């Protein structure tokens, strides 16, 4: 989960609870305020006004009828077929014998209509209350009360409040997301760079254009990476230099061991140059020449070993039948070590390896030679070929005395050997060859009581063949 997402979740968690509490409190207060509103009083007032208007209208009708009987107001007559007001025409066209109508501006006049043989007779009197206006007022009040009673106003207000709160909260969340993106993106880059630095990439740098705390942290990271790169380079150089110095001291010591008998032999030859015994001098010269030749051959072996150790031969991987190569190397070495017994164990369904044939052969020769010397006369060497995970393994076991703890700690390090055969660089060269073909050499527990080595090589797969052919 990214930092930006976490900040958004923290904002949501930190605001939803207070927002919910605010909505609840606001809803309660608004509901109470609506309950305290004068809607009920308006409803009662509109009903009372309506009843008062009705009573006044009834009393006005009775008073007008009474005045007509007394002959107080003058009558107005409209003949049938003549011009008359709409309320008179409606009355004439109806079946009513008498009717009251409200006329005038806003219902300010009350008219009493009766039917005559020739038309319509009407008496009128003014009203102190405008009945039409009064009717509209209490009708509007009743409509307002009915709307509030059905919850329209309350729901509308609550809906507006909810939309406003949701809009403000969404806007705040969007602003937080933008701010979190601005701050989390450089932190994510810094985290990736730290992971790369921890993986050993000391050359990584982060472009920095900020001047805030994140910018200062990025600049500190770049300085630290640069310092680590410089320290790593110095350490590698000093380590290499120390290794070269150790190897040079050992080489100088071993060369000195070869030059010392040569020097002593030459001095002895000079001292015996005038010896009168010709036969004795010839025998000594032959022995001295043999000693010098042996020591020169030893020096040549050392030079060849160092040349092989320092060389970088071209690697040409190809599909190999490891079983056949192991059998061929063992058959090749049997003549040199007839006193050793050899055994080969190959697992079923063992795939081929994708490696350089010359490098694999040189690795096997080195391991089998070392195993033969360790096993000695009457000893046994076991060679095993089997698949391990996605690799093919070649194991070489011997029945020798095994390796000391000191030898185990410096087994693959380049060193100088005082053996008549070899230089002590064989295992270093063999492991370098294994690494060049994408494998490795490991020290394992010996199955015959002595040492055991495992060579791991990449197997022949369709992907490996495709990649190899693509190169």
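The values are calculated or read from the model by the stated rules, or taken from the named source; none is laboratory data. On a predicted model such as this, the values are computed, not experimentally measured, just so you know. Please note: Cβ atoms are built from the backbone with ideal geometry, for glycine as well, and neighbour counts cover all protein chains shown.
Against the definition (in the same structural domain as residue 15 (by TED's automatic domain parsing), closer than 30 Å to residue 15 by Cβ and modelled with pLDDT of 75 or more), how does residue 156 come out, yes or no? No. Within segment 331-364, the residues that satisfy the criterion of being in a helix (DSSP H, G or I), in contact with a strand residue (DSSP E or B) (Cβ under 7 Å, 6 or more places away or on another chain) and surrounded by fewer than 19 Cβ atoms within 10 Å (Cβ to Cβ) are 334, 357. Restricting to segment 123-140, give me the number of residues that are part of a helix (DSSP H, G or I) and in contact (Cβ under 8 Å) with a residue 40 or more places away in the chain. Number satisfying all stated conditions: 5. Within segment 213-224, the residues that satisfy the criterion of being within 19 Å of residue 184 (Cβ to Cβ) and in contact with a helix residue (DSSP H, G or I) (Cβ under 9 Å, 6 or more places away or on another chain) are 214, 215, 217, 218, 221. Checking residue 330 against (1) modelled with pLDDT of 85 or more; (2) touching a helix residue (DSSP H, G or I) at 6+ places or on another chain (Cβ under 6 Å), which single condition isn't satisfied? For residue 330, the failing item is (2). Restricting to segment 194-222, name every residue that is outside the structural domain of residue 234 (by TED's automatic domain parsing), under 26 Å from residue 9 (Cα atoms) and surrounded by 15 or more Cβ atoms within 10 Å (Cβ to Cβ). The one that is outside the structural domain of residue 234 (by TED's automatic domain parsing), under 26 Å from residue 9 (Cα atoms) and surrounded by 15 or more Cβ atoms within 10 Å (Cβ to Cβ): 194. Only residues that are touching a helix residue (DSSP H, G or I) at 6+ places or on another chain (Cβ under 9 Å) and either in contact (Cβ under 8 Å) with a residue 60 or more places away in the chain or not in a loop (DSSP other than H, G, I, E, B) (or both) were counted in segment 77-92, giving 1.
Working carefully through the options 175, 197, find the one that is under 12 Å from residue 225 (Cβ atoms), in a helix (DSSP H, G or I) and either in contact with a helix residue (DSSP H, G or I) (Cβ under 9 Å, 6 or more places away or on another chain) or free of Cβ contacts under 8 Å to residues at least 40 places away in the same chain (or both). Sole residue among the options that is under 12 Å from residue 225 (Cβ atoms), in a helix (DSSP H, G or I) and either in contact with a helix residue (DSSP H, G or I) (Cβ under 9 Å, 6 or more places away or on another chain) or free of Cβ contacts under 8 Å to residues at least 40 places away in the same chain (or both): 197.
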